[in-house]
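The numbers here are math on the coordinates, done by the rules we state, and not lab data. Bear in mind that the values here come from a model prediction, so they are computed numbers and not experimental data. As a convention, Cβ positions derive from the backbone with ideal geometry for all residues, glycine included, and neighbour counts pool all protein chains shown.
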Amino acid sequence: MRGVQQPTPRLAQVVLDSTDARRAAEFWRQLLGLEYRPGNEPPPAGQDDPDGRDWLNLQLPGGTPLLAFQQVEHLAPATWPDHHVPQQLHLDLTVRDVPELDAVHSRVTALGGTLRLDRSDDPEEPLRVYADPDGHPFCVFVGGD
C-alpha cells in the first residue's frame, strides 16, 4: 500500500553467545569503553556471579544498549577465513589512522583477542581481523569518522 508507513523495528542490541559471559563482557567493555547496565556489574571478588553465568548487558556511557552476552554450554568458534565454521556475523570497528590501528592491536591482544588476518599495510583499506575470546570475528579498519 503506497503512502502508508509500515512499522519499522529498531535494533535494540547485538547479542553474542559465550561459554563465559563475564569474560566476554569484560573483553568488549574494556575494548570499547562501555559500561554495564545497572545490576550487571561484576560482584565483589570471591562472591557468586549468577548474572555472569546467564546474561549480561553492556551499554554506551549515557545508557544506550549496545551488546549483550548469553551464556551457552558449547560454542564452536568461527574458523574464518577458513570456512569450516563460518563467521555468520561479525562486528566492524573503525579507527582514524594506522597508528591508532596499531595501538588498538596491542589492546585487543592484551585483552585476549586473537589476530586472524593482517592487512594493515593495505594502502586502500588498512585493516586487521580478530577473534574475541569466544572466537567471534571482528574487524578493525581505518576509515569512517
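Given the criteria part of a loop (DSSP other than H, G, I, E, B) and within 23 Å of residue 108 (Cα to Cα), does residue 38 qualify?
no
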Seminar exercise, completed: How many residues of the stretch 61-88 are farther than 18 Å from residue 15 by Cα, touching a strand residue (DSSP E or B) at 6+ places or on another chain (Cβ under 8 Å) and surrounded by 13 or more Cβ atoms within 10 Å (Cβ to Cβ)? The answer is 1
Problem set entry | Scan of the stretch 89-141 for residues that are among the aliphatic types (A, V, I, L, M) and touching a helix residue (DSSP H, G or I) at 6+ places or on another chain (Cβ under 6 Å), ordered by number | 95, 111, 140
Seminar exercise, completed: Selection from the stretch 8-25 of residues free of Cβ contacts under 8 Å to residues at least 24 places away in the same chain and of a type in the set (D, E, K, R) yields 10
For this session: Please go through the stretch 116-142 and pick out each residue that is closer than 23 Å to residue 23 by Cα and out of contact with any strand residue (DSSP E or B) (no Cβ under 6 Å at 6 or more places or on another chain).
Result: 132, 133, 135
For this session: Determine whether residue 25 is under 18 Å from residue 112 (Cα atoms) and under 16 Å from the mean Cα position of the chain (by Cα).
Result: yes
